[in-house]
Amino acid sequence: AQSVAQPEDQVNVAEGNPLTVKCTYSVSGNPYLFWYVQYPNRGLQFLLKYITGDNLVKGSYGFEAEFNKSQTSFHLKKPSALVSDSALYFCAVRPPNTGGFKTIFGAGTRLFVKA
Amino acid sequence: GAGVSQSPSNKVTEKGKDVELRCDPISGHTALYWYRQSLGQGLEFLIYFQGNSAPDKSGLPSDRFSAERTGGSVSTLTIQRTQQEDSAVYLCASSLGGLAASYEQYFGPGTRLTVT
């Protein structure tokens with residue numbers, strides 16, 4: 001079955017330190033990969049996506065993600081965390097060649113950045 | 001420009017009643033999605049519409065759930081004979097469509113449904 005795993009329910013980071021939020025997927029073929037963020041009392045917002053090309057993609061608010069085909073991973077990273085980055089992060093996968101737009105979301109990882 | 005809007009923002013209903021949730025997508029977006037987000041859980045895909053194609057209803061949890069999209073724009077998610085386990089935040093999203101499925105989704109603020 002197609003699935004997306006975010007192995008950490010919560011990630012705690014000190015402000016200024018690098019952060020990583022992990023995502024792995026189980027989808028055949030070459031899927032499209034996305035990260036979304038949900039700030040408290042706000043809607044889900046798109047952060048970045050991988051479609052093809054360079055394995056390192058850059059997105060909003062200084063975030064980037066690295067696609068690793070052999071490990072079927074798409075980890076979200078930021079070199080220096082801010083307190084304002086504290087939010088709920090979702091990894092999402094859109095399987096290719098399905099003839100449609102169905103998207104599978106991970107369960108989410110809550111990021112806490114301490115000052 | 002205007003984003004995705006949803007109404008109502010909150011809905012409290014009694015068990016057994018029917019509810020309708022509305023979504024207005026971004027103008028020009030041909031793909032529209034419905035998700036359910038339960039407390040502390042991720043997003044559960046319910047249904048999506050793409051242009052004039054038949055909707056993908058594979059995520060609807062039971063036949064009490066249905067959705068329609070009129071004129072390729074506004075969508076309504078209907079839950080009949082609501083149950084307490086239907087309590088959740090219902091999210092609508094839209095995106096550009098066409099042959100490429102690489103477009104990101106834009107989400108509405110959600111409708112919080114509470115079934116008492």
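Structural remarks
- With a requirement of 2 or more residues that are among the basic types (Lys, Arg), the strands (runs of 3 or more DSSP E) lying completely within segment A:51-115 that satisfy it span A:73-78, A:109-114.
- Residue satisfying all of: in segment B:32-59; among the hydrophobic types (A, V, I, L, M, F, W, C) and over 12 Å from the mean Cα position of the chain (by Cα); farthest from the other protein chains (Cβ to nearest Cβ) among these: B:39
- Boolean, residue A:15 is over 12 Å from the mean Cα position of the chain (by Cα) and more than 18 Å from residue B:41 (Cβ to Cβ): yes
- Just one of the numbered conditions (1) within 14 Å of chain B (Cβ to nearest Cβ); (2) within 15 Å of residue A:93 (Cα to Cα); (3) out of contact with any Leu (no Cβ under 8 Å at 6 or more places or on another chain) is not true of residue A:24: (1).
- Verdict on residue A:4 being buried (at least 20 other Cβ atoms within 10 Å of the Cβ), among the β-branched types (Val, Ile, Thr) and within 11 Å of chain B (Cβ to nearest Cβ): yes
Bear in mind these aren't lab numbers, they're just calculated from the coordinates by the rules spelled out. Treat the numbers as computed from the prediction; the structure is a model and nothing was measured. Glycine gets a Cβ as well: all are built from the backbone with ideal geometry, and neighbour counts include every protein chain shown.
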